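Below: the structure, in structure tokens.
The values are calculated or read from the model by the stated rules, or taken from the named source; none is laboratory data. Because the structure is a prediction, the values reported are computed rather than measured. Counting neighbours? That spans all protein chains shown, and the Cβs are built from the backbone with ideal geometry, glycine included.
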Ligand SMILES: [Zn+2]
Ligand SMILES: [Zn+2]
């Protein structure tokens, strides 16, 4: 079996669930194919997340075109430093000029701000801190961008989607300093049980991805076991983080049932009961009341 072979369709969920974080623009299939495959197994709604200007514009356009797609827009924490440092590859991908500096970041943030005001854009993110991929030279730009996104989410009354990679304490601190929006989601939750208690006390949503199924992910499963049910979400972060037993093969929203079943086992809950809670939580987190889910 090749590493590139798409995993088979899992058995459908009886109760529909949303994929709270995906990147359809980075996957092999068309949007129509991805959505059809997903809904055939009970994944009826997706949050499409933009990571740069081009991706954020695409997310907003796609959400306008499909009732079952809702958008999140942002400059990814690894993208903001590239803009400030004038990384040419980053600029050409975005079709913007390679001027660099804080002015270039402000210009890009202005466009994200405009997109964040659109009705089909339900969240600002993914933003946050990534101490794994961004080196010391990019940290100031990353933090400035994160603070600006928090302000935007609050001003527009949208959810905030956090990317936190090896930066738990700093992310929590900056959220406290700025004042977190009413609805804040830790995407691809990566903390332990202790951090889950901190997030729960602050009312932050914790979105679990396929990596909670990995052998070495016991701390994630411990976190999931203590997280309050009403704050738990599920996501693919596709094409990344394909759940076991398909780790390393391409991920897509139709694989959500694999992760939901693993989560139900960890929480010792029925699959349907968990699925209903996950959908209700996604509606609350992203303000989807009245939308097609
Ligand atoms: Zn992320
Ligand atoms: Zn992502």
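For the residues 38, 34, 18, the requirement of being within 16 Å of ligand 2 (Cβ to nearest atom), part of a helix (DSSP H, G or I) and in contact (Cβ under 8 Å) with a residue 60 or more places away in the chain singles out 34.
Quick check: anything in segment 120-133 more than 16 Å from ligand 2 (Cβ to nearest atom), at negative phi and out of contact with any helix residue (DSSP H, G or I) (no Cβ under 9 Å at 6 or more places or on another chain)? No, every residue in segment 120-133 fails to be more than 16 Å from ligand 2 (Cβ to nearest atom), at negative phi and out of contact with any helix residue (DSSP H, G or I) (no Cβ under 9 Å at 6 or more places or on another chain). Apart from one condition, residue 75 fits all of (1) more than 29 Å from residue 246 (Cα to Cα); (2) away from ligand 2 (no atom under 16 Å from the Cβ); (3) modelled with pLDDT of 95 or more; the exception is (2).
Is there a residue in segment 2-10 that is buried (at least 17 other Cβ atoms within 10 Å of the Cβ), within 16 Å of ligand 2 (Cβ to nearest atom) and either at pLDDT 95 or above or within 16 Å of residue 234 (Cα to Cα) (or both)? No. Do we find that residue 274 is more than 17 Å from the chain's Cα centre (by Cα) and crowded, with 19+ Cβ neighbours inside 10 Å in this structure? The answer is yes for residue 274. How many residues does segment 48-80 hold that are under 24 Å from residue 130 (Cα atoms), away from ligand 1 (no atom under 16 Å from the Cβ) and under 13 Å from the mean Cα position of the chain (by Cα)? Count: 0.
Of the helices (runs of 4 or more DSSP H) contained entirely in segment 122-235, those carrying at least 1 residues that are touching a residue at least 60 places away in the same chain (Cβ under 8 Å) and surrounded by fewer than 22 Cβ atoms within 10 Å (Cβ to Cβ) fall at 139-156. For segment 51-68, filtered to residues that are touching a residue at least 40 places away in the same chain (Cβ under 8 Å) and touching a strand residue (DSSP E or B) at 6+ places or on another chain (Cβ under 6 Å), the residue that is surrounded by the fewest Cβ atoms within 10 Å (Cβ to Cβ) is 68.
Quick check, is residue 238 away from ligand 1 (no atom under 16 Å from the Cβ) and either crowded, with 22+ Cβ neighbours inside 10 Å or in a loop (DSSP other than H, G, I, E, B) (or both)? When the stated conditions are applied, residue 238 does not pass them. Being surrounded by 14 or more Cβ atoms within 10 Å (Cβ to Cβ), modelled with pLDDT of 95 or more and touching a helix residue (DSSP H, G or I) at 6+ places or on another chain (Cβ under 6 Å) is a condition met by no residue of segment 84-95.
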